[in-house]
Amino acid sequence: MTMQNPSDKTSQPPPRAVIVTGGSRGIGAAVAFRLAHGGHPVCVNFHADAGAAGRVVERIERDGGCAFAHCADVADEDQVRALFDTCERRYGSLGGLVNNAGILDAQMPLAEMSVARMRRIVDINLLGALICAREAVRRMQRSRGGQGGAIVNVSSMAARYGAPFEYVDYAASKGAIDTLTVGLAREVAADGIRVNAVRPGLIETQIHASGADPGRVARLRTTIPMQRGGLPDEVAAVIVWLLSDASPYTTGALIDVAGGR
């Protein structure tokens, strides 16, 4: 995909649209802001919080960018197809996908987890990423008439550490995201699509409250070599770089954004 060079606007094609799943808050919202600032039309996907998604779009438009919000459950194939179709009708050729939508649940050991909880985690975090990646590939593959593009999956350092006694199900789903990234990158590299992942560490977002531990980052900050939690925009900067033509030879990479942890 093309990230426009501000010093040479006439020689560059216009930046192409990017879909950001889970774009209404945290890392997803930070990515949307950065992409819009770079001239990309952005589809801000959300599932539950229409107000938050609307505020992201309002800020982008206020700053002169182009964005719209679209409600879709990423684990629902029909809704995902509608998401991608709507984005293409509105903005034309798709240039990128940020597979950011993800959830976790209350901290507990695996022995106490219900199957309903496990299924929900896997459906959103893994199946949703697979469906979205499939739809992006179908539209971007040069062999199918596409123009190529880039996919960035948002994994987690939990994929490395396993999150024992907390979120083993979440960690397992993110480990699968790492595998998806490497495998899909090799599968579509010759077709003009790059696929990479970032693995955020302890980042100051609302997801920790979903796990009934809103103070988790502050509690664990001394375990981080940099002695602080990360900010969503610090992760977003890496994601946008991976989407851009500044990383043309990078694919199949798993980049840790974790303060050295």
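The values are calculated or read from the model by the stated rules, or taken from the named source; none is laboratory data. Everything quoted here is computed from the prediction, not taken from an experiment. Reconstructed Cβ throughout: ideal geometry from the backbone, glycine too, with neighbour counts over all protein chains shown.
Points worth noting:
- Residues located in region 224-258, provided they are part of a helix (DSSP H, G or I) and of a type outside the set (V, I, T): P232, D233, E234, A236, A237, W241, L242, L243
- Scanning region 99-126 for residues that are within 21 Å of A29 (Cβ to Cβ) and part of a helix (DSSP H, G or I) returns I124, N125.
- When residues of region 231-261 are limited to those that are closer than 29 Å to M108 by Cβ and among the β-branched types (V, I, T), the one surrounded by the fewest Cβ atoms within 10 Å (Cβ to Cβ): V257
- Within region 124-133, the set of residues being within 22 Å of V257 (Cβ to Cβ) and either of a type in the set (A, V, I, L, M) or surrounded by fewer than 21 Cβ atoms within 10 Å (Cβ to Cβ) (or both) comprises I124, L126, A129, A133.
- Of residues in region 161-196 being surrounded by fewer than 18 Cβ atoms within 10 Å (Cβ to Cβ), of a type outside the set (D, E) and more than 19 Å from the chain's Cα centre (by Cα), the one farthest from A133 (Cα to Cα): F165
- Residue match in region 144-151 (condition: touching a helix residue (DSSP H, G or I) at 6+ places or on another chain (Cβ under 6 Å), surrounded by fewer than 21 Cβ atoms within 10 Å (Cβ to Cβ) and of a type in the set (D, E, K, R)): no
- Only one of the listed residues (R81, R117, R90) is charged (D, E, K, R), over 24 Å from L180 (Cα atoms) and touching a residue at least 40 places away in the same chain (Cβ under 8 Å). That residue is R90.
- Pair list, Cβ under 8 Å, 6 or more apart: region 34-53 residue over 26 Å from S244 (Cα atoms), other residue outside any loop (DSSP other than H, G, I, E, B) and at pLDDT 95 or above: H47/C71; A50/A69; A50/C71; A52/A29; A52/F46
- Options A136, A67, A158: the member that is under 21 Å from V31 (Cβ atoms), buried (at least 17 other Cβ atoms within 10 Å of the Cβ), touching a residue at least 40 places away in the same chain (Cβ under 8 Å) and in contact with a strand residue (DSSP E or B) (Cβ under 9 Å, 6 or more places away or on another chain): A136
- Residues of region 52-76 classified as part of a helix (DSSP H, G or I) and either more than 15 Å from G39 (Cα to Cα) or touching a Pro at 6+ places or on another chain (Cβ under 6 Å) (or both), total: 6
- Residue among A150, A82, A129 that alone is closer than 17 Å to L243 by Cα, in a helix (DSSP H, G or I) and either of a type in the set (S, T, N, Q) or under 20 Å from the mean Cα position of the chain (by Cα) (or both): A129
- Scope region 210-223; condition without any contact (Cβ under 8 Å) to a residue 24 or more places away in the chain and either surrounded by 14 or more Cβ atoms within 10 Å (Cβ to Cβ) or in a loop (DSSP other than H, G, I, E, B) (or both); matching residues: P214, G215, R216, V217, L220, R221
- Which listed residue, of R228, R199, is surrounded by 15 or more Cβ atoms within 10 Å (Cβ to Cβ) and either closer than 20 Å to G38 by Cα or in contact with a helix residue (DSSP H, G or I) (Cβ under 7 Å, 6 or more places away or on another chain) (or both): R199
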